[in-house]
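Every number in this text was worked out from the coordinates using simple rules, so none of it is lab data. This one's a predicted model, so the numbers in the text were calculated from it and none came from an experiment. No Cβ is skipped: glycine too gets one built from the backbone with ideal geometry, and neighbour counts run over all protein chains shown.
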Amino acid sequence: MKDNKGKNNIRQKQYIRSVTSHGMLVAMAIVLSWLEAQIPAFFAVPGMKLGITNIVVVTALYKMSSPSAMGINILRIILVSFMFGGPSAMIYSLSGGMLSTLIMILLKKIRHFSITAVSIAGGVFHNIGQVAAAAVILNTDGIFWYLSVLWFTGMVTGTLIGILSSQLVKRLPDSLFSLRSGGTK
Amino acid sequence: METKKKKPRYDFILILILAVAGLGILAFAFLTGGGGASVEVSVDGRIIAVYPLSDNREEVINTPEGKNRLEIKDGRVRVTDADCPDKLCVNQGWISMKGQSVICLPHKLTVKITGEEAPESKGADIVVK
């Protein structure tokens, strides 16, 4: 009886911890999205972005779980679109964000790639997803130019983001994310 | 649990594949490209005007969301001014190859170069030379 109560207590604590850390990461991702939107469009190519929000997604992917990373990203995109963007921005972001997160999850499962490499693929596939959505919506066939440019910018930004996130994953204590209460592993 | 265990890393292969695929797409864009002949302006997927690339001219395109000013000069075209918030279309600069396009997402405007000679008038503001 007493034992059971203790277990429930722990489970509840884990649950609260999990909700809190997810919420924290979503909030962080939203702030980064906002920050990124403040960077003036000095890039010659529309849709080219630094993708700093991806730092949060990659961190969640490696520190928490695949569903967490996907959930945080989707939630962030929906919230950010309601706050600053619009319906069309949401479609582009969702198709890019979901595709890149999916690819990163798959690549992580293969286990033979470093965080940076996974992030590079994520950057490229984010742009592929966005261009695909643009191709459907705008119905333009000049899309291959756009894609080829964004392909390489995605690789470059993916590398930068990957280096940053792998440092974060290495340095942040597991206890911040771990669903086990306390205790670093 | 330190992940210091020696696991073979295939990063190099992944990056190589991505780079090669990217170059492939670039090559494809080039091959299907080539000289363009006319400028096709569409709003929300509908072509509203076609101008020959050989004409030097300026046009103001009115879309439901705002205005874009086009400049066609020496076989190239660019958006010189727009009242969209991000001005990304202006920053894209000149385009001249078939298949290239300037896209203004807020206005749902695309300016595309096609290989066909300016075909039958599709827009009201086609000017006969």
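If amide hydrogens are placed 1.01 Å from N in the peptide plane, which non-local residues have theirs closer than 5 Å to the one on A:Met64?
Excluding prolines and chain starts, which carry no amide H, there are no hits.
Once phi is turned into θ = phi - 60°, what whole-Hz ³J(HN,Hα) does the Karplus curve with 6.51, -1.76 and 1.60 give for every residue of the range A:21-27, x standing for Gly and Pro?
Ordered by residue, 3J(HN,Hα) equals 5, 4, x, 4, 5, 4, 4 Hz.
For labels at B:Leu23 and A:Gln12 in the simple 7 Å Cα→Cβ model, what's the distance in nm?
Between B:Leu23 and A:Gln12, the simple spin-label model gives 6.2 nm.
Taking a 22 Å limit on the Cα-Cα distance, which of the listed pairs B:Lys67/B:Lys87; A:Lys13/A:Lys108; A:Lys49/B:Lys98; A:Lys63/A:Lys108; B:Lys73/B:Lys112 fall beyond it?
A:Lys13/A:Lys108; A:Lys49/B:Lys98
How large is Rg over Rh for the protein assembly as shown, taking Rg from the Cα atoms and Rh as the Kirkwood inverse mean of 1/r across Cα pairs?
Dividing the radius of gyration by the Kirkwood radius yields 1.09.
Mind giving me the nanometre distance, one decimal, between the label points for A:Leu75 and A:Trp34, set 7 Å out from Cα along Cα→Cβ?
The two pseudo-label positions are separated by 1.7 nm.
Would you kindly state how much longer the chain becomes between B:Glu65 and B:Phe30 on full extension, computed as 0.36 nm times their sequence separation minus their alpha carbon distance, in nm to one decimal?
Between B:Glu65 and B:Phe30, full extension yields 9.4 nm more.
What Cys residues in the protein assembly as shown are without a partner cysteine, judged by a Cβ distance under 4.7 Å?
That list is B:Cys84.
Over the range A:2-176, what relative contact order in percent results from Cα pairs under 8 Å that are six or more residues apart?
24
Let me know the mean shielding of B:18-26 by other chains, meaning the per-residue number of their Cβ atoms within 10 Å of its Cβ.
6
Please identify, among A:Gly85, A:Gly123, A:Gly96, the residue showing maximal mean-square fluctuation in a Gaussian network model of chain A using a 10 angstrom Cα cutoff.
A:Gly85
Most exposed first by the Cβ proxy, i.e. fewest other Cβ within 10 Å, how do B:Arg46, B:Arg76, A:Arg76, B:Arg57 rank?
Going from sparsest to densest Cβ surroundings: B:Arg46, B:Arg57, B:Arg76, A:Arg76.
Among A:Ser88, A:Ser119, A:Ser33, which one shows the highest mean-square fluctuation when chain A is modelled as a Gaussian network with alpha-carbon springs under 10 Å?
Sorting by GNM fluctuation, first place goes to A:Ser88.
What dipole magnitude, in Debye to the nearest 20, does the range B:38-114 give about its Cα centre under +1 on Lys/Arg Cβ and -1 on Asp/Glu Cβ?
180
Find the all-direction average of the projected area of the Cα convex hull for the range B:38-114, expressing the result in square nanometres with one decimal place.
Values: hull surface 16.4 nm².
About 4.1 nm², averaged over all directions.
Between A:Val156 and B:Asp81, what is the label-point separation in nm under the 7 Å Cα-to-beta-carbon projection?
For B:Asp81 paired with A:Val156, the spin-label model returns 3.1 nm.
Would you report the distance distribution of C-alpha pairs in the range A:2-176 as whole percents per 5 angstrom bin, up to the bin with the largest distance?
1, 9, 16, 21, 19, 14, 8, 5, 3, 2, 1, 1, 0, 0
Report the extension gain between A:Thr20 and A:Ala89 in nm, rounded to one decimal, defined as 0.36 nm multiplied by the number of residues separating them, less their alpha carbon distance.
Contour length minus Cα-Cα distance gives 22.0 nm.
Summarise the partner chain shielding of A:144-156 as one whole number: the mean count of Cβ atoms from other chains within 10 Å of each residue's Cβ. Please list the in-between numbers first.
On the way: counts 11, 13, 8, 5, 10, 4, 2, 8, 6, 0, 2, 4, 0.
That works out to 6 on average.
On average, how many beta carbons from a partner chain sit within 10 Å of the beta carbon of a residue in B:82-94?
2
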